[in-house]
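A.B. asks: Below: one structure in structure tokens.
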Amino acid sequence: MTASIPLSAQLINLFAAVILLLAFAMLAQRRMHSLVNLFALQGLALCLATLVAAVSTGQVHLYFSAGLTLLLKVLALPWILYRLVRQLNIKGDVEALINIPTIMLVGIGLVMVAFNVALPISELSHTITRGTLGIALAVVMLAFLMMITRQKAISQVVGFLSMENGLFLAATSATYGMPMVVELGIALDVLVGMIILGVFFFQIRDQFDSLDIRHMEKLKDS
Amino acid sequence: MPGLLSLDLLLIAAAAWLAIGLCGLLAARHQALVSQVLFPAGALVGLWVGVTGIAALGGDPQTAVLAIGLPDLPFHLRLDNLSATFAILLGLTSAGISVYSAGYFGKGDVAGLGTLCLEYHLFLASMLMVLLADDAYAFMVAWECMALSSFFLVTTDHKHEEIRNAGFLYLLIAHIGAIGILLCFGVMTGGAGDYSFAAMRSQELAPFWTSAAFLLALAGFGAKAGLVPLHVWLPEAHPAAPSPVSAMMSGVMLKTAIYGLLRVSFDLLHTTIWWWGVVALVVGLVTALFGVLYATVQNDMKRLLAYSSIENIGLIAVAIGLTLIFHAYGMDALAALAMTAVLYHCLAHAGFKSLLFLCTGSVLHATQERNLGKLGGLIHPMPWVAWLALAGIIAGAGLPPLSGFVSEWLLLQGFLFSPGLPHPWLNMVVPVAAALVVLVAALAGFAMVKFYGIIFLGQMREPALKDAHDAGPWERVGLVWLALITLFLGVMPSTVILRLDAATRQLLGAGLSDTLKEQGWWMLAPISAERASYEPMLVLVTIAATLLLSRWLVRSLYHGRVRRSSPWDCGYHFEGPRAQDTAEGFSQPIRRIFEPVFRMQRHFPAARDTQPFYSVKVEDHFWYWCYLPIARLANWISALIVTLQGGRIAIYLMYSFITLLVLLMVARP
Amino acid sequence: MISISGFLGQAFAILLALFLAPLLSGWVGQCRAWFQSRTAPPLLLPYYMLQKLFNKDVVLAHNASSLFRAAPFVIFGCMVLACAIVPTLSTDLPFAPAADALALVGVFGLARIFIALAGMDIGTAFGSLGGRREMLVGFLAEPALLMVFFTLAMIAQSTSLATIVETLAHRELVIYPSLAFAGVAFTFVSLAENARVPVDNPATHLELTMIHEAMILEYTGRHLALIEWAASLKLYAYSCLGLALFFPWGIAPGDDIVALIAAIPLLVFKLAIGGFLLAAIETVNAKMRIFRAPEFLGTAFMLAVLGLLVRLLLEVRT
């Protein structure tokens, strides 16, 4: 069973599991600073997974995407986020999360759904990493769940970025990554989106004196 | 006795119970005679039933036809391994309870002891007949006798209004259940009109109708067993009844419902569809979780045990669900494992729950108090009851080396195999369900510690408790008997399972005996010794040996000196009994963590109250969400129908006339 | 089937546990002191403590019952049994079939019930409070622990601890991602079960948040000694369990004497590192409010379930 899988696939599975673990940790994390840390770690695990895939398959563009992940998701984005956290002065902010075990329970349900949905797709795929497709989908869903349950705008952004991590993992595991052009495009998009959102944060705070998105409920027409 | 089959012996036992009951009615004035002679005689008959059941296990099915009842409808009777298993349960448990009753009803004056004796023994005889019935007619007659006699037993103290209400609620739900069972039998005859079980076995039904029959059986027997949402009668009826009756209902009567469900789903219906198992599993899990959570927050000791019974029935339903799933996929060795867990848990629960209910009976007699908040420290005046109850709570918490753990262990072993199920969702969801089973088991430990700690340990919460007296000799015999059953089931699982194997084989065609026979009696390894094993005897002996050895060593190497002093009072002078946890206080973590599960009315003291007090009242969501709306609907419909009631005979005649006309026009051949 | 050497090995393992357990507690205490820049107590402090307590008179409360007096011995017996089952040096243990992983959880549960009941026996405010909290921690930790064992049992196709350790230790190198989840969950559970810092603080007496110390407040003399010894045996059993399950290398496969002797220094070394890490965890974390503990243990439970799922999905299916 398990013993017949080559070491590289096992490593990728391990990293995928770590990514999933970190996704759950982010779901349960209250403090903004630790959240960004976890996000950086998730990027690192993703980078390593891609690197292992690159080494084992010898595909050159996977090296590039691993490097890109390292630059963007482990270094650049967390740095921007740290700066934002510091400038917005929300370092020690604690979010009131309702009942973490319940959220985790929902998360576990999502994992089951994700795996079952991914099962037929992964059977079509022939890569050594196809087993992680379910995890990738689960990470996307968990990130979505995180965005739904959070009230602070910045943690929603982290959720959004984590979702991108999941998509990236899906691409790597199902087809050994997207074409380079697409990948670069997405990377640029994420970066630009991040910067724009950073600008928005300041605007939002100036407007509402808080980053709590519940205040935006006032914006509706009534 | 040559020439007499086991079935005949059991019939004689049923007749003997009836005779004892009638004697009780005739000798109602001689309280000593009824309590000291007739109840012990009933216990002997119970022992007789148990021994006959054990002897009948593994034999061929025996049938008989009794020409009583309606002219064309004789009672068909049959004794096979399944009924023998439950007859053992009935016989051995009732033996203990009857002996206990001899002491319990002997003290003080119990009004109407004669009728009580009749009802009690009629109850026993009808349960035996339920197990032996081999046609729907005999089954329903026995079932209804059982429901009615137990209703009268519940309402023994009928002068209190709440007890009457509890009785009516019980009767109502028992009848809803009976309707379900009747419909189920109706479906299973397949319209052939032959109501004997033999005909039902040979009936080929369409899948839709088999599923309908299963669901009706689950609802019907579930109402009797206390599956959610038909559980509401249990926590009302159990505290209302005298303790031996509660013990009998909880320990034995609930199991007859399990018997019925097993009979229908594995014997009478010969196809199994996998989603039946899922339904039973989900209902069982909800029941177990609900039962255990509510058990932890009760303040009435008998209600606590009643909810704990709901939990145990839930666990049995989970095991039945697992059996059904395995059986549907043809994995019969694993189905046999889960089925063994079902039967074992039935036996184990019968033993320890009756034991605990009887202990509450002794406490109730000694203190006249059911409210946990007014008990405490009873281990000092009542050491016998306290130490025997300890065996009950260890088994009830599902801990080694007593009986509750064996069945839980078997069930979890069954769950460990569920990833092999050939179904993409089940093989993932079912193992996770095991997590909830474990949570239930762990919560049961909480409830049991609360039960024991608040009643028997700590300081006495009321001064009057000092005068409490220990259980009398009859009661002790009954309690010790049940504790011995619990111990035996706990440490000799292999021996018991080898016996029960006949029943599993009969239902599933597979059993555990092949692997168990190769191993010693002390070892329980249902699949193989490498896979999993449990040797409760060794666990017990090791703990006991370490206990004695360490005690001896400490005393001989050091000393055994003891000084007595007052407990440390944190520097306050008023470390009285009120400083201890109350029953409410003990369950506060549960109420807080599982807050949405409960319907709570709380009163907190305000800042400037001159007489501050805290109170909490926990009620059942189902009562408000499910039963009261139905009751209101029923009231509303009746109010509508009242308008038809004009009060004039002519109008009533007209209704009949119009009905007749419509029927004549509609019902054409 | 049961060999003489197996029995000797078993007896040796039990004696080693009885001897090493207080040492482990002493070592953790020392490491903690270093981390917190205090002068460390002597390594052998727990032994001095036991000696002192055994010599002292037992002072019982007036209303202490026989259960109160019996409980320390029962708890001690449970912990000795637990230490006998957990494979520490070799997997050839005659007692191993007595209780598999599920029964081990049961044995811990039995000890827990007795200590909680003993806490409630005197009827002081602290005792019953401690008993209640102990049960609270128990009903959350027990399922998590069992789910960890479930995951491992599915890997090894067995619930017997000896077989699990054999499968994990003497196999070709396979990475099980599920073990990562199980390991984290197990760590959480061990901290809670052994009354360690994020959940309870072993170094305090008399503060409102304590659990373990609150229950045993009324114990003195030999009773207290046995309870303390049992607590250190529990810590030892959990540490050995964690080491055997997640770092199983070096445990002797059978009744091979050489491997057995080689396993001893390795075990001591692993325990030393484990104790050091435990002290580190205890130093960097703050004690939680009691109602954060359910969240902590709920997380452990979820992680364990997740590990099970990952096992089922990632490792079995592909």
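The values are calculated or read from the model by the stated rules, or taken from the named source; none is laboratory data. Every value quoted in this text rests on a predicted model; they were computed, and no experiment measured them. Cβ placement follows ideal geometry from the backbone for every residue including glycine, while neighbour counts extend to all protein chains displayed.
Condition check ((1) crowded, with 16+ Cβ neighbours inside 10 Å; (2) more than 9 Å from every other protein chain (Cβ to nearest Cβ); (3) modelled with pLDDT of 75 or more; (4) farther than 17 Å from residue A:39 by Cα) across all residues:
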residue: A:80; (1), (2), (3), (4): yes, yes, yes, no
residue: A:98; (1), (2), (3), (4): no, yes, no, yes
residue: A:124; (1), (2), (3), (4): no, yes, no, yes
residue: A:129; (1), (2), (3), (4): yes, yes, no, yes
residue: A:139; (1), (2), (3), (4): yes, yes, yes, no
residue: A:142; (1), (2), (3), (4): yes, yes, yes, no
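A.B. asks: So is residue B:607 touching a residue at least 60 places away in the same chain (Cβ under 8 Å) and either more than 26 Å from residue C:289 (Cβ to Cβ) or more than 8 Å from chain C (Cβ to nearest Cβ) (or both) or not?
C.D. replies: No; evaluated as a whole, the condition is false for this residue.
A.B. asks: Please work out which residue is farthest from residue C:180 (Cα to Cα), limiting yourself to the range C:229-272 and to residues that are without any contact (Cβ under 8 Å) to a residue 24 or more places away in the chain and among the aliphatic types (A, V, I, L, M).
C.D. replies: Ranking the candidates gives C:258 first.
A.B. asks: Taking only pairs six or more apart or across chains, which ones have beta-carbon atoms under 8 Å, a first residue in the range B:379-396 that is within 11 Å of chain C (Cβ to nearest Cβ), and a second residue that is of a type in the set (Lys, Arg) and surrounded by 24 or more Cβ atoms within 10 Å (Cβ to Cβ)?
C.D. replies: Every condition considered, the pairs that remain are B:396/B:353.
A.B. asks: So which residues in the range B:517-531 are of a type in the set (S, T, N, Q) and without any contact (Cβ under 8 Å) to a residue 24 or more places away in the chain, if there are any at all?
C.D. replies: Listed by number, the list holds a single entry, B:528.
A.B. asks: Let me ask another. Filtering the range C:56-80 down to residues that are in contact (Cβ under 8 Å) with a residue 24 or more places away in the chain and of a type in the set (S, T, N, Q), which residue is farthest from the other protein chains (Cβ to nearest Cβ)?
C.D. replies: C:63
A.B. asks: Could you tell me whether residue C:64 is touching a Pro at 6+ places or on another chain (Cβ under 9 Å) and at negative phi?
C.D. replies: Yes.
A.B. asks: Something else now. Can you tell which of B:54, B:97 is surrounded by 16 or more Cβ atoms within 10 Å (Cβ to Cβ) and within 20 Å of residue B:249 (Cα to Cα)?
C.D. replies: Step by step, each of B:54, B:97 is checked, and only B:97 is surrounded by 16 or more Cβ atoms within 10 Å (Cβ to Cβ) and within 20 Å of residue B:249 (Cα to Cα).
A.B. asks: Tell me which residues, restricted to the range C:1-29, are crowded, with 18+ Cβ neighbours inside 10 Å and either over 19 Å from the mean Cα position of the chain (by Cα) or small (Gly, Ala, Ser) (or both).
C.D. replies: C:6, C:9, C:13, C:17, C:21, C:25, C:26, C:29
A.B. asks: With the requirement that a residue be out of contact with any Phe, Trp or Tyr (no Cβ under 9 Å at 6 or more places or on another chain) and facing another protein chain (nearest Cβ under 7 Å), what does the range C:158-168 give you?
C.D. replies: C:158, C:160, C:163
A.B. asks: Sticking with this one: Out of the residues in the range C:7-55 that are closer than 21 Å to residue C:226 by Cα and hydroxyl-bearing (Ser, Thr, Tyr), which is farthest from the other protein chains (Cβ to nearest Cβ)?
C.D. replies: Checked the range C:7-55; the qualifying residue farthest from the other protein chains (Cβ to nearest Cβ) is C:25.
A.B. asks: Sticking with this one: Those residues that are farther than 25 Å from residue B:133 by Cβ and charged (D, E, K, R), I need them from the range B:1-46; list them, please.
C.D. replies: Of everything in the range B:1-46, just one residue is farther than 25 Å from residue B:133 by Cβ and charged (D, E, K, R), namely B:29.
A.B. asks: Mind listing whichever residues of the range A:15-31 are within 7 Å of chain C (Cβ to nearest Cβ) and over 15 Å from residue A:135 (Cα atoms)?
C.D. replies: Matches in the range A:15-31: A:28 only.
A.B. asks: Right, here's the next one. Return the residues of the range B:499-552 that are among the charged types (D, E, K, R) and at the interface with chain C (Cβ under 7 Å from one of its Cβ atoms); say none if nothing qualifies. First the steps, then the outcome.
C.D. replies: If we filter the range B:499-552 for residues that are among the charged types (D, E, K, R), which is where we start, we get B:499, B:501, B:505, B:514, B:517-518, B:530-531, B:535, B:551.
Across the range B:499-552, the qualifying residues are B:530, B:531, B:535, B:551.
A.B. asks: I'd like the full set of residues that are within 7 Å of chain B (Cβ to nearest Cβ) and either outside any helix (DSSP H, G or I) or touching a Lys or Arg at 6+ places or on another chain (Cβ under 6 Å) (or both), limited to the range C:97-151.
C.D. replies: C:99, C:100, C:122, C:123, C:124, C:138
A.B. asks: A further question follows. Would you kindly identify the strands (runs of 3 or more DSSP E) lying entirely within the range B:530-640 that contain at least 1 residues that are more than 34 Å from the chain's Cα centre (by Cα)? Quick ask: steps written out before the conclusion?
C.D. replies: Working: elements: B:562-565, B:599-603, B:615-619.
Correct list: B:562-565, B:599-603.
A.B. asks: Search the range C:81-96 for residues being small (Gly, Ala, Ser) and part of a helix (DSSP H, G or I), and hand back the single one that is farthest from the other protein chains (Cβ to nearest Cβ).
C.D. replies: C:82
A.B. asks: Of a type in the set (A, V, I, L, M), more than 8 Å from every other protein chain (Cβ to nearest Cβ), over 15 Å from residue C:234 (Cα atoms) and surrounded by fewer than 24 Cβ atoms within 10 Å (Cβ to Cβ): does that describe residue C:180?
C.D. replies: no
A.B. asks: Checking residue B:485 against (1) farther than 24 Å from residue B:106 by Cβ; (2) touching a residue at least 24 places away in the same chain (Cβ under 8 Å), which single condition isn't satisfied?
C.D. replies: Against the list (1) farther than 24 Å from residue B:106 by Cβ; (2) touching a residue at least 24 places away in the same chain (Cβ under 8 Å), residue B:485 comes up short only on (1).
A.B. asks: Of (1) at pLDDT 70 or above; (2) within 20 Å of the chain's Cα centre (by Cα); (3) surrounded by 16 or more Cβ atoms within 10 Å (Cβ to Cβ); (4) more than 14 Å from residue A:77 (Cα to Cα), residue A:204 satisfies all except one. Which?
C.D. replies: Residue A:204 satisfies every listed condition except (2).
A.B. asks: Scanning the range C:183-201 for residues that are assigned to a helix (DSSP H, G or I) and surrounded by 22 or more Cβ atoms within 10 Å (Cβ to Cβ), which turns out nearest to the other protein chains (Cβ to nearest Cβ)?
C.D. replies: C:185
A.B. asks: Looking at the structure I just gave you, is residue C:296 at pLDDT 85 or above, over 30 Å from residue C:89 (Cβ atoms) and within 19 Å of the chain's Cα centre (by Cα)?
C.D. replies: Spelling it out, residue C:296 is indeed at pLDDT 85 or above, over 30 Å from residue C:89 (Cβ atoms) and within 19 Å of the chain's Cα centre (by Cα).
A.B. asks: In the range B:423-463, which residue that is modelled with pLDDT of 85 or more and part of a loop (DSSP other than H, G, I, E, B) is farthest from residue A:114 (Cα to Cα)?
C.D. replies: B:462
A.B. asks: Taking the conditions exactly as written (within 12 Å of another protein chain (Cβ to nearest Cβ) and not in a helix (DSSP H, G or I)), does residue B:401 satisfy them or not? Walk me through it before giving the result.
C.D. replies: Values: within 12 Å of another protein chain (Cβ to nearest Cβ): yes; not in a helix (DSSP H, G or I): yes.
Considered against the rule, which asks whether it is within 12 Å of another protein chain (Cβ to nearest Cβ) and not in a helix (DSSP H, G or I), residue B:401 comes out as yes.
A.B. asks: Checking residue B:566 against (1) modelled with pLDDT of 85 or more; (2) within 7 Å of chain C (Cβ to nearest Cβ); (3) surrounded by 12 or more Cβ atoms within 10 Å (Cβ to Cβ), which single condition isn't satisfied?
C.D. replies: The single condition residue B:566 does not satisfy is (3).
A.B. asks: Counting just the residues of the range B:352-378 that are under 28 Å from residue B:540 (Cβ atoms) and of a type in the set (Val, Ile, Thr), which one comes out nearest to the other protein chains (Cβ to nearest Cβ)?
C.D. replies: Here the residue is B:363.
A.B. asks: Hey, can you tell me all the residues within the range C:2-22 that are in contact with a Pro (Cβ under 7 Å, 6 or more places away or on another chain) and part of a helix (DSSP H, G or I)? Write out each step before concluding.
C.D. replies: So the first thing to find is which residues in the range C:2-22 are in contact with a Pro (Cβ under 7 Å, 6 or more places away or on another chain), and the list is C:2, C:6-7, C:10, C:22.
Within the range C:2-22, C:6, C:7, C:10, C:22 qualify.
A.B. asks: Follow-up. Quick one: which of C:220, C:299 is over 30 Å from residue B:433 (Cα atoms) and within 14 Å of another protein chain (Cβ to nearest Cβ)?
C.D. replies: Within the list C:220, C:299, the selection yields C:220.
A.B. asks: Could you run through the range B:411-460 and say how many residues are of a type in the set (Ser, Thr, Tyr) and closer than 27 Å to residue B:376 by Cβ?
C.D. replies: Here is the first cut: in the range B:411-460, the residues of a type in the set (Ser, Thr, Tyr) are B:418, B:452.
Retained after the next criterion (residues that are closer than 27 Å to residue B:376 by Cβ): B:452.
Within the range B:411-460, residues that are of a type in the set (Ser, Thr, Tyr) and closer than 27 Å to residue B:376 by Cβ number 1.
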